[in-house]
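Encoded as structure tokens, the structure appears first; notes follow it.
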Amino acid sequence: MMLFVIWLVVFAVILALTIKAWPGVFGSMIDRLLPAVLRSEDDRWIWCPAFAAIVATAIVSPIDMLMTLLIMAIIVGVGGKLGCWIMSKVKMH
């Protein structure tokens, strides 16, 4: 229960900071990184909570976050290699 309370506090602090920084640095960074298709009128209410959840999880349980990123990287790597191998077999025939 204590871990959840700490996560909520960190989430609230990061959310408040990102919402406050939206007109400045944070909003312009998101605008530069996002393609035009993914932009909308008010991205603040989508990207600020998402960023706050990721940062709060990384702060409260960094080992879980690193293990998740490692597993995702392995899956993407294996999928990429498998995709390249399949494409090379398709092009030959």
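Let a ≥ b ≥ c be the square roots of the eigenvalues of the Cα gyration tensor of the chain; is it rounded (a/c under 1.5), or, if not, prolate (a/b larger than b/c) or oblate? Oblate, because a/c is 1.5 or more while a/b does not exceed b/c. In the context of the full set of protein chains, residues of the chain present 78 Å² of accessible surface per residue (probe radius 1.4 Å, heavy atoms only). Summarising the label geometry, the points placed 7 Å from Cα in the beta-carbon direction at residue 45 and residue 71 lie 3.3 nm from one another. For residue 31, the shell of other residues with beta-carbons less than 15 Å away shows a net charge of 0, using +1 for Lys and Arg and -1 for Asp and Glu. Springs between alpha-carbon pairs under 10 angstrom, Gaussian network model over the chain: which of 71, 63, 19 fluctuates most? Judging by the Gaussian network model, the answer is 71.
Between residue 54 and residue 90, the simple label model (points 7 Å from Cα in the Cβ direction) yields a spacing of 2.9 nm. Of the trypsin sites (Lys or Arg not before Pro) found in the chain, those in coil by DSSP whose Cβ has at most 14 other Cβ atoms within 10 Å are 39. Take every Cα pair under 8 Å whose residues are at least 6 apart in sequence, average their separation, divide by the length of the chain, and the relative contact order is 36 percent.
Between the residues 45, 10, 67, the greatest Cα displacement towards the positive end of the dipole of the chain, with unit charges on the Cβ of Lys, Arg, Asp and Glu, is found for 67.
The values are calculated or read from the model by the stated rules, or taken from the named source; none is laboratory data. These numbers come from a predicted model, not from an experiment. As a convention, Cβ positions derive from the backbone with ideal geometry for all residues, glycine included, and neighbour counts pool all protein chains shown. SASA here: full protein model, heavy atoms, side chains in, ligands and nucleic acids out. Shrake-Rupley method; radii C 1.70, N 1.55, O 1.52, S 1.80 Å.
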